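> Following this message is one structure expressed as structure tokens.
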Amino acid sequence: ETGVTQSPTHLIKTRGQQVTLRCSSQSGHNTVSWYQQALGQGPQFIFQYYREEENGRGNFPPRFSGLQFPNYSSELNVNALELDDSALYLCASSLDWTGELFFGEGSRLTVL
Amino acid sequence: GNSVTQMEGPVTLSEEAFLTINCTYTATGYPSLFWYVQYPGEGLQLLLKATKADDKGSNKGFEATYRKETTSFHLEKGSVQVSDSAVYFCALSQEDRNSGYALNFGKGTSLLVTP
């Protein structure tokens with residue numbers, strides 16, 4: 001059974017640029033959630049996708065957007081990057097929208 | 001809104017010492033409570049959970065009891081090992097068809113166990 005995989009693992013962008021992060025969910029899971037973890041902080045909920053529809057959203061601006069594909073993999077897009085967007089972005093998949101979350105190792109984004 | 005407060009680290013213990021990491025929460029209704037662990041270089045893993053008051057979650061020698069009267073979910077282990085060195089996160093969730101199923105995490109407590 002393949003776990004949650006995320007790419008890229010590390011990337012560096014400059015302020016104002018756009019970034020796309022990718023996530024492959026665990027086999028059989030139809031729900032993906034994204035979290036932002038700033039250094040020394042706990043993860044903060046960005047949004048959740050259930051069967052290709054956004055199912056819930058945290059307190060993040062519209063420049064944070066996402067997609068879930070028919071194979072249940074997902075993308076997180078962030079436009080107009082700001083310095084404060086520097087963080088570890090975590091993807092988690094679950095069997096359904098209330099199920100136990102299985103996390104990937106994350107994508108570390110640095111904005112200069 | 002919902003929130004979780006956990007004791008600040010780092011916590012340094014000798015092997016075989018007793019561990020307590022305090023966690024208290026604020027929530028409306030009846031949330032589920034979790035402890036997640038993040039080992040160095042690895043993703044977050046669910047350690048244990050409890051879904052209703054007085055439930056005790058346990059796994060790998062760790063335990064936590066859902067105390068509604070004190071709004072607490074303290075993590076305990078009787079005898080820690082070097083391999084328990086990690087960051088521990090307390091979290092709560094509530095299911096809501098409008099806002100989805102979001103976990104609210106505490107800031108994490110770093111544990112270092114020395115031989």
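> Please go through (1) at pLDDT below 95; (2) away from every other protein chain (no Cβ under 11 Å); (3) part of a strand (DSSP E or B) for B:Glu69 and return the number of the only condition it doesn't satisfy.
(3)
> Residues being under 18 Å from B:Leu44 (Cα atoms) and loosely packed, with under 14 Cβ neighbours inside 10 Å: count how many of those fall in segment A:8-26.
Here the count works out to 3.
> List every residue pair whose Cβ atoms sit under 7 Å apart, with the two residues 6 or more apart in sequence or on different chains, where the first one lies in segment A:79-99 and is within 14 Å of chain B (Cβ to nearest Cβ) and the second, anywhere, is part of a loop (DSSP other than H, G, I, E, B) and of a type in the set (Val, Ile, Thr).
As it stands, the answer is A:Cys91/A:Val4; A:Ala92/A:Val4; A:Ser93/A:Val4, since those pairs meet every condition given.
> Right, another one. How do the strands (runs of 3 or more DSSP E) wholly within segment A:1-101 filter down when requiring 1 or more residues that are among the acidic types (Asp, Glu): which remain?
A:53-57, A:74-78
> Here's something else I'd like to know. Can you go through A:Gln68, A:Gln37 and tell me which one is in contact (Cβ under 8 Å) with a residue 12 or more places away in the chain and either loosely packed, with under 15 Cβ neighbours inside 10 Å or farther than 30 Å from B:Gly9 by Cα (or both)?
A:Gln68
> Something else: For segment B:90-109, indicate whether the set of residues that are over 21 Å from B:Asn2 (Cα atoms) and within 11 Å of chain A (Cβ to nearest Cβ) is non-empty.
No: zero hits.
> Among the strands (runs of 3 or more DSSP E) confined wholly to segment B:15-57, which include 1 or more residues that are over 15 Å from B:Thr70 (Cβ atoms) and within 13 Å of chain A (Cβ to nearest Cβ)?
Of the strands (runs of 3 or more DSSP E) lying wholly inside segment B:15-57, those with at least 1 residues that are over 15 Å from B:Thr70 (Cβ atoms) and within 13 Å of chain A (Cβ to nearest Cβ) span B:32-38, B:45-50.
The values are calculated or read from the model by the stated rules, or taken from the named source; none is laboratory data. Worth saying up front: this structure is predicted, and the values here are computed from it rather than measured. A quick note on method: Cβ atoms are made from the backbone with ideal geometry, for glycine too, and the neighbour counts reach across all protein chains shown.
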